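Presented below is the structure to which this report refers.
Please treat every number below as a calculation from the coordinates, not as lab data. All of these numbers come straight from a predicted model, not from anything done at the bench. Virtual Cβ from ideal backbone geometry, glycine too; neighbours counted across all protein chains shown.
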Ligand code: ADP
């Protein structure tokens, strides 16, 4: 069982010849709507990897929420939503040009309604009586730091595995970081985290040693590296992808798949092997989650 506590967005992606400059209006060549938000992407990836998945999230009371619920349920993800009556479901507007460059605006909207108390109430209800050894909690940096802290504390208290994808890098306590099993970050996040906690001249291996945790760093086309608390570094190569269509959501596919594999009892190395395979599939398709109106309205 994988319980993801995280964000859900409705992503609208338009393709244009060139990104508009301030004051300019351009026409879209295509318009796609897809499920997005790191929490949703990771929940879907974990379900695709065969896990029984629940997402604890916050949605508005609007058509976008129904759309997101439908998409999540179509992949057998159980949804435990907090309903925000005042804000719309989270949304992202993504503009991509012919060169693959993008500009993105995110409105967190209802995601902000996911408080630590509400999240923990839902996690407690979902995990009551469940098998500790096979239940994995997952959180990312798109929720309030207080929520991440609460989920980590819950995992410690109840003896559950806690997978932390600190994307983006938000301010969390050392107690939370020490609970991560593993901490998953991309290269840029690893650098930012190392600078923040240890200063310029340090390396991620120093963080793994200090916090006594495994850190998995995703390296794009290079795959991933697993750093053990003793400083040992193991590389997990990525499958070769000839045509990269869209890299958004690759890190989420990796993290969700790793969580699913760990909940099945696989080793971290084996889990990362499944993770890079899922990451490679994710970059071959459009969209962050791989769910939506794939065809869109082409015009
Ligand atoms: P993020 O999307 O968070 O920045 P990465 O770019 O490191 O994360 O990608 C996450 C994972 O997706 C990688 O570990 C790798 O497995 C896979 N991946 C990303 N880009 C490629 C690529 N060009 N070829 C093959 N696999 C890739």
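If you check every pair at least six apart or on different chains, which have Cβ atoms under 6 Å apart with a residue in the range 214-231 that is touching a residue at least 40 places away in the same chain (Cβ under 8 Å) first and a residue that is near the ligand (Cβ under 6 Å from one of its atoms) and assigned to a loop (DSSP other than H, G, I, E, B) second?
223/238
For residue 50, only one of the following conditions fails: (1) out of contact with any strand residue (DSSP E or B) (no Cβ under 6 Å at 6 or more places or on another chain); (2) over 21 Å from residue 259 (Cβ atoms). What is its number?
Unmet for residue 50, out of (1) out of contact with any strand residue (DSSP E or B) (no Cβ under 6 Å at 6 or more places or on another chain); (2) over 21 Å from residue 259 (Cβ atoms): (2).
How many of the residues in the range 252-290 are buried (at least 19 other Cβ atoms within 10 Å of the Cβ) and near the ligand (Cβ under 9 Å from one of its atoms)?
Going through the range 252-290 one residue at a time, the tally reaches 12.
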